[in-house]
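The values are calculated or read from the model by the stated rules, or taken from the named source; none is laboratory data. Keep in mind the model is a prediction, meaning the values are calculated, not measured. Reconstructed Cβ throughout: ideal geometry from the backbone, glycine too, with neighbour counts over all protein chains shown. For the accessible areas, the whole protein counts, side chains as well, though only heavy atoms, and no ligand, DNA or RNA atoms are used. Shrake-Rupley method; radii C 1.70, N 1.55, O 1.52, S 1.80 Å.
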Amino acid sequence: MNHAAYNTAMTLNAKSAMNVARVLSEALPYIQRFAGKTIVIKYGGNAMVDEALKNSFARDIVLMKTVGINPVVVHGGGPQIGQLLGRIGKQTEFYQGMRITDRETMDVVEMVLGGQVNKEIVSLINRKGGNAVGLTGKDGDMIHARKLKFEKTSPELTAPEIIDIGHVGEVTRIDPSVVNMLVQGNFIPVVAPIGVGEDGQSYNINADLVAGKLAETLQAEKLMLLTNTAGLLDKDEKLLTGLGVGRVNELIEDGTIHGGMLPKIRCALEAVQGGVKTAHIVDGRVRHAVLLEIFTDEGVGTLIRSQAGSAPCPQGGASL
């Protein structure tokens, strides 16, 4: 290597080292602020199927635990369920975004979520140096549920029509004993969103809803919902963040928040109104999205806070 090339290489190495030092320095106050706190993360979308994103997510979770934060992971698995149903020749139908779940489909849901997907996530986190333990909501009688029903109204009907979509449930109560025991034992809980009714019937529950209710029950510092979008966008496609509850309700009323984003935002609102400090809609298509949202000023998503009068938060960031 000639002298000029050597100097160039040394300069690049010095810049790289300075970047690492800057990132660590920026992260320090966030690490100090959130040490000992619980953060509930809903894991789904591209982050669950792209190999690079899967690996970066697992490393993020292990790093969080290593610096003293308590991550609790709640995962989805809709694409994997759909793939297995397709292989066995079972047609999938949806109503208002919910999978119509008969008894045979529920068996597949339990097998995929509680078995295949849950164990893959646990194994990946453990391979990165963590101590993860897989659960479903049936373990330790954790997630109590009831059948979710929809009311359909129209001028032609004299009374609302009740739409029954099978073994699809909503959370009635969460017993956090098992999760608390694991967290106190320095483990990372990984929860599949399957609940159980009073009659012992299993229910398929939306993972966002389970993550939100679990965050409320644990009085978590943060709820993070990983999605396949940049976050909440305004009508000019610009990212919104640092929003109070009142502002979010205004955005719902004026139609800025609509479609598939609406259930996630409502889940986030319920969480912060139920005692969770902040909720984050995070772009799961970005590598290390979880760390970027927690430990940097910029963040990679939308932050929603409970108190409308709070000082503005950094873009996405951790809301010190």
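Take the Cα gyration tensor of segment 44-114, multiply each eigenvalue by 5, square-root it, and list the three semi-axes largest first, rounded to whole angstrom.
Numbers: eigenvalues 182, 33, 22 Å².
Result for segment 44-114: semi-axes of 30, 13, 10 Å.
Rounded to the nearest 500, what is the chain's calculated 222 nm mean residue ellipticity when only DSSP H runs of at least 4 contribute -39500 (n - 2.57) each, over all residues?
Values: 10 runs with 124 residues, N = 320.
My calculation for the chain gives -12000 deg cm²/dmol from helical runs alone.
Amide H contacts for Val72 (H built 1.01 Å from N in the peptide plane; partners 5 or more residues away or on another chain; cut-off under 5 Å): Ile39, Val40, Ile41.
What's the carbon and sulfur percent of segment 39-90's accessible surface, probe 1.4 angstrom, rounded to a whole number? Write down the numbers at each step before the final one.
On the way: 940 of 1820 Å².
Here carbon and sulfur together make up 52 percent of the probe-accessible area.
Where both residues lie in the chain, what percent of DSSP beta bridges are antiparallel, nearest 5? Walk me through the numbers on the way to the answer.
On the way: 20 of 47 bridges.
The antiparallel fraction comes to roughly 45 percent.
Across all directions, the average projected area of the convex hull around the alpha carbons of the chain is 21.0 nm².
In summary, no helical segment of the chain meets the span-like criteria, namely a full DSSP H run, a Cα extent along the axis of 30 angstrom or more and a mean Kyte-Doolittle hydropathy of at least 1.0.
Name the shape class, rounded, prolate or oblate, that the alpha-carbon gyration tensor gives for segment 242-304, where a ≥ b ≥ c are the square roots of its eigenvalues, rounded holds for a/c under 1.5, and otherwise prolate holds if a/b is larger than b/c and oblate otherwise.
On the way: a/c = 2.08, a/b = 1.53, b/c = 1.36.
Here segment 242-304 falls in the prolate category.
The order of the peptides 90-100, 276-286 by mean Cβ neighbours within 10 Å, most packed first, is 276-286, 90-100.
The spacing between segment 106-136 and segment 215-279, judged by their C-alpha centroids, is 27 Å. Ordered from largest to smallest accessible area (heavy atoms of protein chains, 1.4 Å probe), the residues Thr229, Thr256 come out as Thr229, Thr256.
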